[in-house]
Amino acid sequence: MSAGADDLTLIIGGVLGLLLLATLIGEALRMRGVASRQTLDIYITRVNSWWVMAVTLSVALLLGKVVTLMLFAFCSFAALREFMTLTHKTRADHWALVASFYVVLPVQYVLVWWGQEGLFTSFIPVYAFLLLPILSMMRGAGASFLARISETQWALMICVFCASHVPALLVIDLGEYSARSVLLIAFLVLVVQLGDLMVYFAGRRIGRHRVAPSISPKSWEGVACGAVFAALIGASVAWITPFGTAGAALMALISFLIGTGGALVLDAIKKDRGVTNWGHIIPGQGGIVDQLDSVFFAAPVFFYVTRFFWA
Amino acid sequence: MIRILATISGQFLVLFARFITAARAEWRGTEPVRRRRIYYANHTSNADMPLIWTVLPPVLRRETRPVAAADYWLKTKLRAFAGRDIFKAVLIDRRAEHRTEDPIAAMAAALDEGSSLILFPEGGRNMGEEPLLPFKAGLYNIAQLRPEVDLVPTWVENISNIMPKGEIIPVPLSCSVIFGAPIHLREGESIEAFLERAADALRTLRPNASTDYSVSTGQTG
């Protein structure tokens with residue numbers, strides 16, 4: 001870890017600097033009394049939530065693999081709790097749900113910790129996929145059986161399988177770079193989340209044409225700005241990756257686009273279930289799934305592309 | 001000694017409930033203030049009462065006592081410890097023929113000592129499809145005896161999926177507890193009209209109530 005520690009400290013310093021700027025802007029606006037009280041309160045609540053998230057992730061990354069895995073295992077747990085709240089289920093699914101939370105989730109993270117790629121990449125798409133429906137069937141199946149088992153599997157894929165591919169970046173063998181692989185997590189989270197923020201800000205200023213008018217205010221203009229921004233961020237922090245400048249820009253762009261598509265998919269699910277947020281765990285932002293949807297979607301793609309071209 | 005153990009167990013229970021449910025209180029039409037109140041709630045699971053107890057701010061939780069069935073809470077030593085020492089429940093006997101003490105008098109006595117109460121006016125767990133069972137007379141009787149006490153409708157959402165009847169391992173799912181505007185017994189109001197109004201005030205708190213429920217107008221108070 002030591003080789004990456006200096007670079008990581010630098011990146012974390014940069015992020016905390018940006019947050020400090022965001023906080024100072026909020027305080028300045030408050031003192032000058034320009035923005036409306038309500039808008040300002042929402043802004044400050046969000047910035048404060050960003051502080052908590054950035055500091056938590058930074059501390060975990062600095063403390064190493066085990067703590068990072070524990071942090072993402074907790075995110076998976078909270079995300080799965082939010083997701084399963086909105087899936088269809090009956091009493092027949094109780095054991096399958098219990099197994100998802102108390103067996104599948106911890107086993108997946110232990111397999112990632114162990115670094116057995118053949119196991120943690122197949123455990124949920126193969127073993128859980130085949131075994132959990134058997135549990136539900138044994139408890140009496142019932143109405144909408146296919147829909148119910150599919151929803152349970154989908155929840156596990158997004159909240160556990162995809163999420164666990166963020167810390168799984170620590171166990172890819174990238175030769176000399178492996179000692180610094182914690183920086184890949186910082187890179188992925190940074191480009192996806194900053195891209196998201198740009199979609200939001202640019203969309204509010206110049207957004208005209210909506211991507212999916214019925215489900216989300218995201219606009220094509222905002223997404224285009226986000227894509228350019230993510231690629232620029234990626235290129236400018238290329239020195240923390242093994243990708244090279246063009247490679248880093250491309251990886252950032254791919255991650256951003258998959259992540260944005262994923263966030264819209266999860267928005268469509270929320271719309272269908274008649275809720276505006278997945279949960280309330282992060283003040284001003286909603287649930288864990290609301291915050292990390294794009295990172296969850298981008299993580300496996302980022303993982304497998306990295307694995308294919310650079311391992 | 002028992003008191004320390006009960007306090008620690010209570011804290012542990014709150015943490016456990018938050019871990020499983022990410023429990024959240026939504027105060028809609030009322031604030032969490034220190035007044036003598038009766039939180040009356042829907043009842044679908046044995047976890048309802050601990051959940052309401054968990055989401056109350058600590059200062060209110062300390063002075064809020066659930067009204068609970070003696071036959072259930074005194075069955076084993078562990079339950080008796082939980083019921084009497086952790087929750088400080090007002091234990092009442094549901095079987096009229098075995099009663100040595102009038103349950104309404106016991107509730108009034110607890111209110112007079114400055115406590116608030118958690119009450120499940122359906123009288124038992126609701127296992128059916130209807131959101132609420134018809135209320136028993138208890139809520140009316142205590143409202144008549146102590147008309148100045150706030151009756152706060154308290155809707156517990158989604159707890160029944162966490163531990164369906166007969167299961168022993170809870171599945172983690174998000175829950176919320178929604179507190180509505182307090183109601184009071186009106187001058188000369190009949191028991192039927194009052195219980196219907198109280199049930200309506202509770203039903204309207206239910207999320208998505210407007211889509212699958214025709215709410216009668218002019219009766220919420």
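The values are calculated or read from the model by the stated rules, or taken from the named source; none is laboratory data. Predicted, not measured: the structure shown is a model, and the values here were computed from it. With ideal geometry, Cβ positions are generated from the backbone for all residues, glycine too; neighbour counts draw on all protein chains shown. What goes into the accessible areas is simple: the full protein's heavy atoms, side chains included, and nothing from ligands, DNA or RNA. Shrake-Rupley method; radii C 1.70, N 1.55, O 1.52, S 1.80 Å.
Here the Gaussian network model covers chain B, with springs between Cα atoms less than 10 Å apart; of B:R99, B:R36, B:R206, B:R99 fluctuates the most. DSSP assigns beta bridges within the protein assembly as shown; of those with both partners inside it, close to 30 percent run antiparallel. Element breakdown for the protein assembly as shown at a 1.4 angstrom probe: carbon and sulfur atoms account for 63% of the accessible area. Counting only whole DSSP H helices of chain B, the ones at least 24 Å long by C-alpha along their axis and with mean Kyte-Doolittle hydropathy no lower than -0.5 are B:2-21. Based on the alpha-carbon gyration tensor of the range A:41-168 and its eigenvalue square roots a ≥ b ≥ c, which shape applies: rounded if a/c is under 1.5, prolate if not and a/b is larger than b/c, or oblate? In terms of gyration-tensor shape, oblate. Expressed to the nearest 5 percent, the antiparallel share of DSSP beta bridges inside chain B is 20 percent. Chain A packed on chain B takes about 1500 Å² of accessible surface away from a 1.4 Å probe, both sides summed.
Taking a sphere under 13 Å around the Cβ of A:G142 and counting the other residues whose Cβ falls inside, with K and R at +1 and D and E at -1, yields a net charge of +3. Across the options A:L174, A:L62, A:P133, the greatest Cα extent toward the positive end of the charge dipole of the range A:56-182 (unit charges at beta carbon of Lys, Arg, Asp, Glu) belongs to A:P133. The contact residues of the range B:168-209, meaning those that lose at least 30 Å² of 1.4 Å-probe accessible area when all protein chains sit together rather than their chain alone, are B:I169, B:V171, B:P172, B:L173, B:S174. Dipole of the range A:1-63 computed with +1 at Lys/Arg Cβ and -1 at Asp/Glu Cβ about the Cα centre; of A:S36, A:V15, A:W51, farthest Cα towards the positive end is A:S36. Long hydrophobic helices in chain A, taken as whole DSSP H segments with a C-alpha length of 30 Å or more on their own axis and mean Kyte-Doolittle hydropathy at least -0.5: A:2-32, A:37-63, A:65-86, A:182-206, A:244-273, A:288-310. Among the lysines of the protein assembly as shown, pairs at least eight places apart or on separate chains and with Cα atoms under 25 Å apart come to 13. Heavy atoms of the protein chains alone define the surface here; on that basis the protein assembly as shown has 48 Å² accessible area per residue at 1.4 Å probe size.
In this Cβ point-charge picture (+1 for Lys and Arg, -1 for Asp and Glu), the protein assembly as shown has a dipole of about 360 debye about its Cα centre.
Given the options B:I92, B:I178, B:I191, state which has the largest fluctuation in a GNM of chain B using a 10 Å cut-off (strictly under) for Cα springs. Comparing B:I92, B:I178, B:I191 in a Gaussian network model of chain B, the most mobile one is B:I191.
When chain A is treated as a GNM with alpha-carbon contacts under 10 Å, the residue of A:A143, A:A224, A:A252 showing the greatest mean-square fluctuation is A:A143. Taking Cβ atoms as reference points and 9 Å as the exclusive limit, the residues near B:H43 contribute a net charge of -1, counting Lys and Arg as +1 and Asp and Glu as -1.
Loop-located GluC sites (Glu not before Pro) in the range B:72-128 (DSSP state other than H, G, I, E, B) with a sparse environment of at most 12 neighbouring Cβ atoms within 10 Å: B:E101, B:E113. The charge dipole of the range A:1-142, taken about the Cα centre with unit charges on the Cβ atoms of Lys, Arg (+1) and Asp, Glu (-1), comes to about 500 debye, rounded to the nearest 20.
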